[in-house]
1. Which of the residues belonging to the range B:5-31 are in contact with a helix residue (DSSP H, G or I) (Cβ under 8 Å, 6 or more places away or on another chain) and under 17 Å from B:S358 (Cα atoms)?
2. Condition first: touching a residue at least 40 places away in the same chain (Cβ under 8 Å), assigned to a loop (DSSP other than H, G, I, E, B) and either touching a strand residue (DSSP E or B) at 6+ places or on another chain (Cβ under 7 Å) or within 21 Å of A:E38 (Cβ to Cβ) (or both). Now tell me which residues in the range A:98-123 satisfy that.
3. Working carefully through the options B:D139, B:D216, B:D134, find the one that is surrounded by fewer than 21 Cβ atoms within 10 Å (Cβ to Cβ), more than 7 Å from chain A (Cβ to nearest Cβ) and at pLDDT below 95.
4. Quick one: which residue in A:E375, A:E304, A:E322 is more than 22 Å from the chain's Cα centre (by Cα) and either farther than 30 Å from A:V396 by Cα or assigned by TED's automatic domain parsing to the domain that holds A:L259 (or both)?
5. Of everything in the range B:178-197, what is touching a residue at least 24 places away in the same chain (Cβ under 8 Å) and more than 7 Å from chain A (Cβ to nearest Cβ)? Give them in sequence order.
6. Kindly provide the set of residues from the range A:304-338 that are assigned to a loop (DSSP other than H, G, I, E, B) and either in contact (Cβ under 8 Å) with a residue 40 or more places away in the chain or within 8 Å of chain B (Cβ to nearest Cβ) (or both), ordered by number.
7. Any chance the range B:342-364 includes a residue that's within 30 Å of B:L391 (Cα to Cα), part of a strand (DSSP E or B) and either of a type outside the set (K, R) or touching a residue at least 24 places away in the same chain (Cβ under 8 Å) (or both)?
8. Checking A:P341 against (1) at pLDDT 95 or above; (2) more than 12 Å from chain B (Cβ to nearest Cβ): exactly one of these is not met. Which one?
Number of protein chains: 2
Amino acid sequence: MNQHALEDVDVIDLGQIYNGAYGSLMLSYLGADVTKVEPPFGEPLRSRVADGDGEPPELVMLNSTKAGITLNLKAERGKELFKDLVRDADVLVENFAPGTMEEFGLGYETLSEINPELIYAHGSGFGEDGPKSDRLAMDLIVQAESGVMDVTGRPDDPPTKTGIAPGDFLGGIHLAAGVLAALYQRARTGEGQFVEASMQDAVYPSLMSQLANYYDDADVPSRTGNRHSSLAKAPYNAYEADDGYVAILCTSDDHWRALCEAIDREDLRDDDRFATNVDRVERMETVDAAIEEWTRTRTRDEIETTLSAAGVPCGSVQSVKEVIHDPHLEEREMVVEIDHPTEGEIRVPGTPIRLSESAKPDIEPAPRKGEDNDEIYRERLGLSEDEIERLRSDGVI
Amino acid sequence: MNQHALEDVDVIDLGQIYNGAYGSLMLSYLGADVTKVEPPFGEPLRSRVADGDGEPPELVMLNSTKAGITLNLKAERGKELFKDLVRDADVLVENFAPGTMEEFGLGYETLSEINPELIYAHGSGFGEDGPKSDRLAMDLIVQAESGVMDVTGRPDDPPTKTGIAPGDFLGGIHLAAGVLAALYQRARTGEGQFVEASMQDAVYPSLMSQLANYYDDADVPSRTGNRHSSLAKAPYNAYEADDGYVAILCTSDDHWRALCEAIDREDLRDDDRFATNVDRVERMETVDAAIEEWTRTRTRDEIETTLSAAGVPCGSVQSVKEVIHDPHLEEREMVVEIDHPTEGEIRVPGTPIRLSESAKPDIEPAPRKGEDNDEIYRERLGLSEDEIERLRSDGVI
């Protein structure tokens, strides 16, 4: 159990901001050696702190366990060094706008000639081809184009984004999955390939309930607040508690009867007008009002304890602060507190991918900008101290 | 290029509803042979159509290209047959509530004794351990517990779910990635392992902007509508058009100046009070009003055409119907129209994972319930017609 799934896999990581960086983080947590390569002025995330040189929490959270070097891909000497790095790498991850690597003269065709075993992974907003492939794509744009905004919010609200970044993270993990599939294929064929995953593509399947509504000709508004997306289940909502909200839903009539007993509404349990889900959907307002009458005077904890004991599906609406300190996520090491040189104590994500026979990630703080320049340029590329110093003064690294 | 990444990988798929079924769909699209195993009365999704025997669109969309058999895992003979199936399988995927397979006597320990090379993948709401592991976990519950609801909606709204199912799909693709990592590791070690991915874990990193706000001590509301999650960028919003909404944002001052020119507001471009992002954030209401004054009288198409030509990041808020028929997704074969035996013409998702040297999925309609019983029980398990008939009449298949 001391080995990792991706033992000896060497990843060059041009991933930046969220999308690419998350894909390579997952590879890193699976045991790959990931070297994050930033321009000398730092990847875009660093500009979120005043001097452009620092460690914003996003960067710290998405780059744990990676090594970090700087390299100017616009300089001729920088391009040469990059090719040297790629020459014996297994994987390259990047999420620049489509065409950027070709502009650097470092596109897939060039790099695959240098290293035919290279797995080259490109994450983007809209992918390599198709009429929207040139579009600038931040998560908000992808949320608009992919339908996420259309289906989020209350019926009378305008379309609403979701606070999470589904494009970046669904895109990033699909890209990592593509790399893993290509590694598996390469173990058989000995050949590398080009891998891509776009944010819009990756979000599409998650619209499943609304895709189904479309084919069911379901006559429901595109946005249903916290109610079921086709208004086909009751109870199903977030109910106000004394100290916040609790999500409660019933997927069976047994759940409903158990809920009625838990909230002391045996009268509803025995009322034929509420016996089946179809009945309850017809009287959704009454159902929701009855539940909220009970929840409103109780804390989320009381509600959760009572309903969980009764076997009714429920969950507190947790604040971000509560999620970061969720004892469940702590116990599972999905949040791990590290001591970062500049950020101090900060909780970074662990890995959602758990393998019983692969060692857990040994989470190290994200590299400071260029932290591993000396080591990697000296030991991996065999440069002398003098050469490294010259690269530094020439602005190549 | 006629081969698939997962050539010769054999997957037994107990995945149901969204989470597990999506994970195994991705494996199927990568070329694995996936056999969907349902109870004789069908997986839960089938109950969404009246006779419980049918093909709701969700099932059709998440089970393309799989084979389908029925098997009663509660019957002794069913357990035996299941063990026979697993004996020479590579992967088992399931997303039952934790403990269910152990109740069937078919837990990982039992199955890994029968087949030490088996990769056993379990998808769940909250994972195998930790205080919440026993919780019933539908996507809404996970959205509550993981913070998605807290960060979605306008500041004055209650916490709001997102219309997509982030728990199911982020969980499902992380599970598939775990399987791929385990396959790669097995190619080296020859041994299988237990893989898990929970929905809450998988959602956690996608809360990145809010996790960062927490550490930045950013004094912003937890919900910011369509504005930037830390109210740190302007313009950044969904603006009303004549026929809907368009998302527009500027990540640089160049974007801002280009936008001002495109909307004929050179006065704003030249106004020092709006020169930098910090300035514009201070005057966010004015900025948003100026843009919306222009967008409101134009169609989404006009706005997109004008702003894209000016190099300003933007995207129409598309309805679900528009997304399903998006020419971009069509050209990329991310939506593929198939002719399904009972559903007729229906558009199913393609794969977000693109590999240049692995054949594209050859998308076949999802199996009807038990469609491949005869073939698989006869050819794979060597049963006679009589035996298969008896299994059928005994309710085992």
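1. Taking the range B:5-31 and keeping what is in contact with a helix residue (DSSP H, G or I) (Cβ under 8 Å, 6 or more places away or on another chain), we get B:5-7, B:9, B:11-27, B:30.
B:A5, B:L6, B:E7, B:V9, B:L25, B:M26, B:L27, B:L30, listed by residue number.
2. A:L118
3. Working: B:D139 fails: surrounded by fewer than 21 Cβ atoms within 10 Å (Cβ to Cβ); B:D216 fails: more than 7 Å from chain A (Cβ to nearest Cβ).
Answer to the check: B:D134.
4. Numbers: A:E375 fails: either farther than 30 Å from A:V396 by Cα or assigned by TED's automatic domain parsing to the domain that holds A:L259 (or both); A:E322 fails: more than 22 Å from the chain's Cα centre (by Cα).
The conditions single out A:E304.
5. Hits for the range B:178-197 are B:V179, B:R186, B:G190, B:G192.
6. As a first pass, look at the range A:304-338 and keep what is assigned to a loop (DSSP other than H, G, I, E, B): A:310-313, A:317-319, A:325-326, A:332-334.
Of everything in the range A:304-338, those that are assigned to a loop (DSSP other than H, G, I, E, B) and either in contact (Cβ under 8 Å) with a residue 40 or more places away in the chain or within 8 Å of chain B (Cβ to nearest Cβ) (or both) turn out to be A:A310, A:G311, A:V312, A:P313, A:V317, A:Q318, A:S319, A:D326, A:R332, A:M334.
7. From the range B:342-364, those within 30 Å of B:L391 (Cα to Cα) are B:342-343, B:364; that's our starting set.
Those left that are additionally part of a strand (DSSP E or B): none.
Checked against the condition, which is being within 30 Å of B:L391 (Cα to Cα), part of a strand (DSSP E or B) and either of a type outside the set (K, R) or touching a residue at least 24 places away in the same chain (Cβ under 8 Å) (or both), the range B:342-364 yields no hits at all.
8. Result: A:P341 passes all but (1).
The values are calculated or read from the model by the stated rules, or taken from the named source; none is laboratory data. Since this is a predicted model, take the numbers as computed values, not measurements. Here Cβ is always computed from backbone atoms with ideal geometry, including for glycine, and neighbour counts include all displayed protein chains.
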